[in-house]
1. Where the second residue is basic (Lys, Arg) and the first is at the interface with another protein chain (Cβ under 7 Å from one of its Cβ atoms) and lies in region B:72-90, which pairs have Cβ atoms under 7 Å and are six or more apart or on separate chains?
2. Report, ordered by the first and then the second residue, all pairs with beta carbons closer than 7 Å, sequence separation of six or more or different chains, a first member in region A:188-207 that is under 26 Å from B:Gln24 (Cβ atoms), and a second member that is at pLDDT below 70 and assigned to a loop (DSSP other than H, G, I, E, B).
3. Which one is farthest from the other protein chains (Cβ to nearest Cβ) among residues in region A:164-183 that are over 17 Å from A:Arg267 (Cβ atoms), at pLDDT below 80 and surrounded by fewer than 14 Cβ atoms within 10 Å (Cβ to Cβ)?
4. In region B:77-93, what count of residues is obtained for those that are surrounded by 15 or more Cβ atoms within 10 Å (Cβ to Cβ) and of a type in the set (Val, Ile, Thr)?
5. With the structure loaded, tell me whether A:Ile273 is in a helix (DSSP H, G or I), touching a residue at least 24 places away in the same chain (Cβ under 8 Å) and at the interface with chain B (Cβ under 8 Å from one of its Cβ atoms) or whether it fails that test.
6. Sort through A:Val205, A:Val238 and tell me the only one that's touching a Leu at 6+ places or on another chain (Cβ under 8 Å), within 9 Å of another protein chain (Cβ to nearest Cβ) and either at negative phi or part of a loop (DSSP other than H, G, I, E, B) (or both).
7. Can you pull out the residues in region A:242-269 that are more than 12 Å from the chain's Cα centre (by Cα) and away from chain B (no Cβ under 11 Å)?
Amino acid sequence: MLNHFFFLPRGHGIRQIESAWIKYVLCPRPLIVTVGLRIIPHSDVRVSLYYLGSTISLSPLTVHDALNLDEPGLVQALQAGDERVFAAVMDWYSGSLLRLAMSYVPSRAVAEEVVQETWMGVLEGIHRFESRSSFKTWLFRILTNRAKTRGIRESRYESFGLSVSSTDADEGHSTEDSLFVAEGSRTGHWIDPPLAWEPDTPERVLLSKECRAAIEHAIGNLPVTQRQVMTLRDIEGVSSEEVCNILEISETNQRVLLHRARTKVRRELAPYIQGGKM
Amino acid sequence: MDTNLKSKLMKYMAGNFTCREIAQLVTDYLDGSLTLGERVRFQLHLGLCFACRNYLRQMKYTIALLRQWPPEPVPPHVKEELLKRFRTWKQRPPQSSGKPGTD
């Protein structure tokens, strides 16, 4: 059980979602709210609170919270061969590693092998780990290095990955351009102004197969680096600084890639949420 | 609101950001990487433009959906295999490992 505190302005309410539990609160005055989180073993607990239709994301729990260990403590435990810590860290990160690996290699089976190789790499290197980067960044860097090597061997990364920066760069200035008036006095205005989306919770929307398929399709069709940035930032909740270190890209580049990816996913999603054209 | 009036308001009050520019800056805005001036102009535009407010909400909603995406399941045999290798690794003295890990 872990408590998070956050600030809630006057007159705003929050609803409970999935892994966090909290009573519905309508604040008479600004409040500091405590959110109790149940730590579900072997799962990454992500918490979003809905705040009058828009989302506040609390910083996700880290493996350090779950194990009650700080970074040096975690590294020392791994170096000392603490199996409980290794199992917990492996459980915590393997899903994220697998998802990222799948953007480098052609099949899930190969991605699983890359994840295994990554953990073997951790065991090989943990005694020389010097905390110049965070453990998480180091771990993901091992994965990207192995996944690249493997992807080249499987000849996919060569065709998609290595040339990807140019694919991404050639994509034109903005993927939203077609949504706006290009000439005349209304230049830069919406052709079809975006409508309000029905405020349903993401959990409810994700229960719809069509919607899940649309998102999967949209993510699957992204250029590789856009997909990698989106996977890490939006799905796995990795910070932008860490994403830059893991993928070895600049902050600006990272944001451009993320923006393009989000724009495309939003566009694919629109028909399923508002049931009309976007 | 009358479109002409809106255009004028946008031009003179909302710091000249067009809807297109707003759409292009959404991620920068959400990441907090706009300058103070840009941020103010962005918010002024939002205050006057329901379409851009909707667009920003749609983007936030898209991000919220991605955040709730279920974790990728790792097959149990992969974990068991790794734990087995971990136990073997534990038996070995630390220096006998192979390639260096890049920190």
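1. What qualifies is B:Glu72/A:Arg99.
2. Going by the 7 Å Cβ cut-off, the qualifying pairs are A:Pro199/A:Gly53.
3. A:Ser166
4. 1
5. Values: in a helix (DSSP H, G or I): yes; touching a residue at least 24 places away in the same chain (Cβ under 8 Å): yes; at the interface with chain B (Cβ under 8 Å from one of its Cβ atoms): yes.
So A:Ile273 fits the description; yes.
6. Details: A:Val238 fails: within 9 Å of another protein chain (Cβ to nearest Cβ).
The unique qualifying residue is A:Val205.
7. A:Cys244, A:Asn245, A:Ile246, A:Leu247, A:Glu248, A:Ile249, A:Ser250, A:Asn253
Residue-wise test of (1) surrounded by fewer than 17 Cβ atoms within 10 Å (Cβ to Cβ); (2) free of Cβ contacts under 8 Å to residues at least 12 places away in the same chain.
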site: B:Gly32; (1), (2): yes, yes
site: B:Gly47; (1), (2): yes, no
site: B:Thr62; (1), (2): no, yes
site: B:Pro70; (1), (2): yes, yes
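The values are calculated or read from the model by the stated rules, or taken from the named source; none is laboratory data. From a predicted model like this one, the values you see are computed outputs, not experimental measurements. Every residue, glycine among them, receives a Cβ derived from its backbone with ideal geometry; neighbour counts consider all protein chains shown.
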